[in-house]
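Every read-out reported here was derived from the displayed coordinates using simple, explicitly stated rules and does not represent laboratory data. Not measured: the values here are computed from a predicted model. When we count neighbours, we look across all protein chains shown, and the Cβ atoms used for this are built from the backbone with ideal geometry, even at glycine.
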Amino acid sequence: MRKSKKLIVHQEKYDKEYQNATLKLLYERASCRQFSDQRIEPEILKKILKAGIHAPTGGNLQPYSIIKIEDADTTQRLAEMCEQKFIGEAPVNLLFCIDWHRLKQWSKIEKAPFSAMSSFRHFWISFQDTIICAQNICTAADSLGLGSVYIGTIIEFLKETKAMFRLPRGVLPVVLLCLGYRKARPVVRRKLDVETIVHNERYHELKGHDLVTAYNEKYPNVKIEITEKRLARIKEVCNKVHGHEFAQKCLDKIEENGYISIAQQYFGLHYSADLLPDGNEDFLKSIEDCGFGWFKKYQLPEES
Ligand SMILES: Cc1cc2nc3c(=O)[nH]c(=O)nc-3n(C[C@H](O)[C@H](O)[C@H](O)COP(=O)(O)O)c2cc1C
């Protein structure tokens with residue numbers, strides 16, 4: 001059958017923009033926070049999970065585990081804990097964990113030496129392995145018409161998560177992923193362009209006007225309204241982190257612009273620069289409680 005002219009024109013536009021269906025899928029990817037009631041058929045879920053565990057992994061070791069969560073009560077608890085309602089609406093939640101426990105047990109049986117939980121290198125690579133596996137799962141889900149969103153907030157609740165899912169030592173939660181059929185197509189968000197992110201041959205620093213332009217193109221016309229509460233908070237954050245003089249410069253800039261800029265909102269109000277470094281010690285303690293000891297001056301004794 002011959003293609004109509006309209007179809008050919010459409011195909012040409014499609015080819016020019018996307019080249020192929022995989023690129024289209026990747027360019028149009030967006031986090032989904034509205035899930036329909038439709039359950040995910042087990043065979044579909046298995047196909048998606050298989051795409052994840054087929055991802056590249058350092059030394060082909062696969063030092064990770066995924067907790068598949070479908071139980072409504074557990075899902076609801078996670079939603080309340082992370083204060084994100086849509087977690088409870090996703091038919092499946094996947095908890096991605098670094099897992100050296102399984103390899104440790106295998107080594108034990110095989111009488112192989114094992115010190116991975118005391119090694120930063122192993123930790124670092126296994127963290128990457130876990131995320132790459134997760135992202136393959138997102139893409140596979142997308143390709144089958146499902147949607148997903150990562151929940152990073154889970155790392156605030158390592159202790160609770162460890163208890164909820166009975167994680168043994170050597171298993172460390174990294175990120176949660178809500179998965180389900182989309183209620184509506186999520187909006188595709190703007191990103192920095194290739195020229196900003198990719199440096200030819202060596203690092204080229206974007207400065208002044210070029211830097212601001214790159215971000216303005218990503219966040220066109222985003223102007224956060226000035227309120228007394230926001231001003232007071234941003235002043236407090238600036239004072240604590242960079243002192244009085246800087247705080248005044250920040251307030252002057254806000255006055256001059258007539259709005260709070262997106263950078264000021266991100267680091268002054270949302271991810272408050274004064275509070276974020278505070279939790280470091282607690283995080284390290286939680287990571288240690290999960291059995292990892294590479295960041296200590298001394299190495300944790302390996303359990304035999
Ligand atoms: C590691 C990680 C953690 C995230 N945590 C959350 C989260 O806790 N809640 C949420 O709604 N979105 C979360 N997101 C989704 C981001 O907000 C989202 O990817 C970003 O705003 C860009 O939007 P897009 O994915 O639609 O392009 C997370 C994404 C990543 C990669």
Rounded if a/c is under 1.5, else prolate if a/b beats b/c, else oblate: with a ≥ b ≥ c from the C-alpha gyration tensor eigenvalues square-rooted, which is the chain? oblate
Efficiency of FRET from Cβ geometry, residue 109 and residue 196, R₀ 41 Å, rounded to 0.05: 0.25
I want to check the label-to-label distance for residue 246 and residue 128. Put each point 7 Å from Cα in the C-beta direction and report it in nm to one decimal. 3.1
Give the residue from 40, 76, 165 lying farthest towards the positive end of the charge dipole for the stretch 31-181; charges sit on Cβ (+1 for Lys and Arg, -1 for Asp and Glu) and the dipole is referred to the Cα centre. 165
With each label point set 7 Å from Cα along the Cα-Cβ vector, what nm distance links residue 209 and residue 163? 5.8
A student applying the Cα gyration tensor rule (rounded when a/c is under 1.5; otherwise prolate if a/b is larger than b/c, oblate if not) would label the stretch 11-147 oblate
Hey, what number do you get for the chain at 222 nm if only DSSP H runs of n ≥ 4 count, each worth -39500 (n - 2.57), divided across all residues, to the nearest 500? -14000 deg cm²/dmol
Connecting C-alpha atoms closer than 10 Å in a GNM of the chain, tell me which of 200, 221, 20 has the biggest fluctuation. 200
If the cut-off is 24 Å between C-alpha atoms, which lysines fall inside it for residue 5, apart from same-chain ones fewer than 8 positions away? 13, 16, 24
Taking a quarter of the surface of the Cα convex hull of the stretch 194-277, what do you get in nm²? 6.7
Report the number of Lys pairs in the stretch 31-181 whose alpha-carbons are under 17 Å apart, with separation of 8 or more residues or on distinct chains. 4
Using r as the Cβ-Cβ distance of residue 61 and residue 281, and R0 as 22 Å, what FRET efficiency do you calculate, to the nearest 0.05? 0.15
Of the candidates 159, 47, 24, which one comes out as most mobile in a Gaussian network treatment of the chain with C-alpha springs shorter than 10 Å? 24
Of 127, 267, 165, the most mobile residue in a GNM of the chain (C-alpha springs, cutoff 10 Å) is 267
If each of residue 54 and residue 296 carries a label point 7 Å out from its Cα toward its Cβ, how far apart are those two points in nm? 4.2
Under a point-charge model restricted to the Cβ atoms of Lys and Arg (+1) and Asp and Glu (-1), what is the dipole moment magnitude of the chain relative to its Cα centre, in debye to the nearest 20? 1080
Compute the Cα gyration tensor for the stretch 98-238, then decide on rounded, prolate or oblate, letting a ≥ b ≥ c be the square roots of its eigenvalues: rounded whenever a/c is under 1.5, prolate when a/b is larger than b/c in the other cases, and oblate in all that remain. prolate
